1. Where does the stretch 66-108 land on Rg(C-alpha)/(2.2 N^0.38 Å)?
2. Dividing the Cα convex hull volume of the stretch 141-223 by residue count, how many Å³ per residue is that?
3. Show the residues, 5+ positions off or on another chain, whose built amide H is closer than 5 Å to the amide H of His427.
4. Average projected area of the Cα convex hull of the stretch 428-472, in nm²?
5. Note down the accessible area of Val494, probe 1.4 Å, to the nearest 10 Å².
6. Report the gain in length on full extension from Ala9 to Leu87: 0.36 nm times residue separation, minus Cα-Cα distance, nm rounded to one decimal.
7. I'd like the distance between the alpha-carbon centres of the stretch 1-32 and the stretch 537-602, rounded to an integer number of Å.
8. Between Ala538 and Glu610, take the C-beta separation as r, use R0 = 35 Å, and let me know the FRET efficiency to the nearest 0.05.
Amino acid sequence: MSQFVAYYAAGMVLLLLALPLGFHAFPDCSDRGWASARFLGIAVAAVLHRLVESAGLAPWSTATLLLAGLPALTLWLLWAIAQRQALTLWLRSSWCTLVSLELVFLGSYLGAAVLTAHDPAPLGTERLMDFSLLQAVFSASSFPPIDSWLSGETLNYYWFGHLMAAIPGKLSGVPVPVLYNLALAYWFAMLVQLSCALLLRAAGSIRRSLLGGMLVGLAGSVYPWLHLRESTASPESLFAAARVIPHTITEFPAYSLLTGDLHAHVLLLPVVLLFLLWLRADRRTAAGLILTAVVLNLLLVVTVLGNPWSLAALLLLFAATWIMRCTAMPWWTPAPALVLLPLVWPVQGHGVSLGWVATTQASPLPAFLQMWGIPLLLLLGLLDKQALGTRLRHWGWLWLLPPLALALHAPAAGLSLALALLLWLCHQRGEAIWAAAGATGVLLLLLPELLYVKDTYVPPFERMNTVFKFSYAAWPLLMLGAARAALLPFPRLVLAPLLGALFIYAALAIPQRLRGDALQPWWDGLAALEREHAQDIALIRWLTPQLQPGDVCLEVPGVSYQWAGRVAALTGCPTVLGWESHEGLWRGGDIDLAGRHADVDSLYQGDDPEKQRQLLRRYGINWIIVGEEELRSYGVDRPAFWHGELHLVYSAGDNKIYRVGVP
């Protein structure tokens with residue numbers, strides 16, 4: 001429990017350091033940007049540390065963080081002294097709001113942490129990969145970090161979100177096996193608190209604003225409820241919840257929490273809500289205008305560094321709020337961040353190009369509605385009947401021609417365009433910001449029905465990633481718009497079953513997760529893995545303190561989503577090749593992965609000692625692992641080329657470690 005508190009305390013320090021930004025940007029809000037400061041503090045620290053390390057001024061380390069914190073703390077104290085009267089008045093008038101918002105965060109953090117404690121092992125789906133990214137970032141001294149699954153190469157995937165998750169961990173001293181699960185819970189709580197803060201002014205009370213947090217954090221698709229009720233498997237196996245539309249992925253925060261997904265799209269999702277929040281910040285003064293523009297551009301840069309897929313969501317959201325006149329920011333506000341794009345865009349092994357979605361690959365309308373029908377229906381509550389009638393009198397039904405024409409290609413796209421137009425043209429007065437959020441979410445569902453970003457996936461999965469990333473960014477916008485509509489006059493006999501249906505997934509999946517034991521020590525992923533892989537974890541615990549910077553381990557490559565690559569992932573010591581198919585997705589054929597796989601086979605099974613010595617030198621291998629995976633793949637308990645090259649330094653059961661060239 002001390003690690004739970006330590007991570008929270010480190011996050012609180014960063015929140016307080018970032019509080020001046022929101023305090024001056026939200027003078028009319030009772031929380032004065034309190035909820036937004038939690039993520040902003042981490043984001044600013046990550047960006048500044050990235051700049052410091054890139055300039056060669058200091059390495060990435062706990063000491064650097066603490067040293068950088070001293071001037072920040074000094075400036076904060078000077079600011080607090082200068083603003084002591086305003087701070088005192090604010091705390092006296094708004095303490096109840098602040099306490100309530102923080103209780104929302106703590107309750108969400110604790111609840112999510114309880115769920116992660118019941119399954120903390122980083123195994124299943126892509127959890128081992130996410131752990132590998134976090135371990136690589138945490139262990140690095142410079143950026144980009146070394147790729148644990150491709151020795152000699154740096155990470156060619158989105159790791160900046162993991163840097164943000166690691167910063168409170170570095171400050172609090174929480175080790176990576178625990179940090180992984182606490183960060184997952186912490187980010188979920190941030191999402192819930194931000195949703196409540198966004199809805200607070202419109203809702204009028206914390207109690208009513210909780211609906212926004214619940215819909216964003218706990219709602220799910222309605223399709224899989226029969227599957228969930230009848231299944232005896234763990235929530236990780238219940239892919240029906242996020243596989244409603246054929247050949248695509250449509251995940252949501254509750255699913256991510258239950259499957260232990262600490263992926264880039266999860267870590268950067270709060271940015272979507274922060275961007276919406278800051279679009280509403282105070283711009284009545286030049287200072288307020290500049291401050292808001294700086295924060296909005298910072299969020300754009302953080303998004304590009306951490307998950308470029310969400311950039312489209314932020315730009316669409318800015319365009320929607322500007323067109324619907326619910327932000328006073330000038331149209332050129334994102335220009336500085338867009339100019340920086342070539343400098344900050346993550347390096348990828350394949351180019352970016354677009355493809356046109358064939359009619360046969362578009363989402364079937366029944367499946368689309370099973371996933372999105374309820375939030376889209378609730379968004380209709382934001383419409384003004386009089387405005388709709390006026391539009392019909394002036395334009396007749398001509399405005400429906402584009403959606404109808406689009407529906408001939410893809411019915412889901414036609415429906416989405418029609419709803420987006422309605423939200424734009426016929427929203428209720430005073431609800432423009434929520435209509436803009438809802439319309440942006442709908443457009444993010446529309447785009448993958450027409451276009452997709454080409455990657456290595458082949459038909460019929462060619463648009464899977466595009467649907468996945470766009471719909472995930474759309475989720476909080478759709479749910480916040482639906483929450484606001486639900487708080488307006490809405491037929492209660494209709495509203496109650498609709499809202500209830502959205503929580504079916506959480507109501508069935510959460511108890512299923514809680515049936516498992518909460519393992520002691522809580523949140524320790526390595527301790528949890530000992531149940532199934534005791535010998536391997538013992539080997540990893542012995543090896544970790546022996547490793548030196550620059551060391552390379554040899555272990556068996558393997559199939560993605562399995563136990564292969566486990567030593568590199570859990571220790572941060574790079575191996576010659578880990579998850580081969582994922583490395584291929586990241587690098588697009590730039591590196592001969594098949595050749596590396598063959599080299600590893602030669603090292604374990606080959607009969608050419610000279611070639612094996614050359615391979616050892618080529619890859620700089622220091623440690624050779626022979627464990628359960630190597631025995632299963634190669635059927636040997638030791639490499640075939642000893643003759644003084646290797647020295648047995650660890651042996652326990654079937655597991656062995658050989659040191660190269662050092663007795």
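1. 1.52
2. 169 Å³
3. Excluding prolines and chain starts, which carry no amide H, the hits are Asp384.
4. Taking a quarter of the hull surface, the average projection is 3.5 nm².
5. Roll a 1.4 Å probe over it and Val494 shows about 70 Å².
6. Taking Ala9 through Leu87 to full extension adds about 26.0 nm, to one decimal.
7. 39 Å
8. Working from the Cβ atoms, E equals 0.55.
The values are calculated or read from the model by the stated rules, or taken from the named source; none is laboratory data. What you see is a predicted model, and the numbers here were worked out from it, not measured in a lab. All Cβ positions, glycine included, derive from the backbone under ideal geometry; neighbour counts span all protein chains shown. Just the protein is used for accessible areas: all its heavy atoms, side chains included, with ligands, DNA and RNA removed. Shrake-Rupley method; radii C 1.70, N 1.55, O 1.52, S 1.80 Å.
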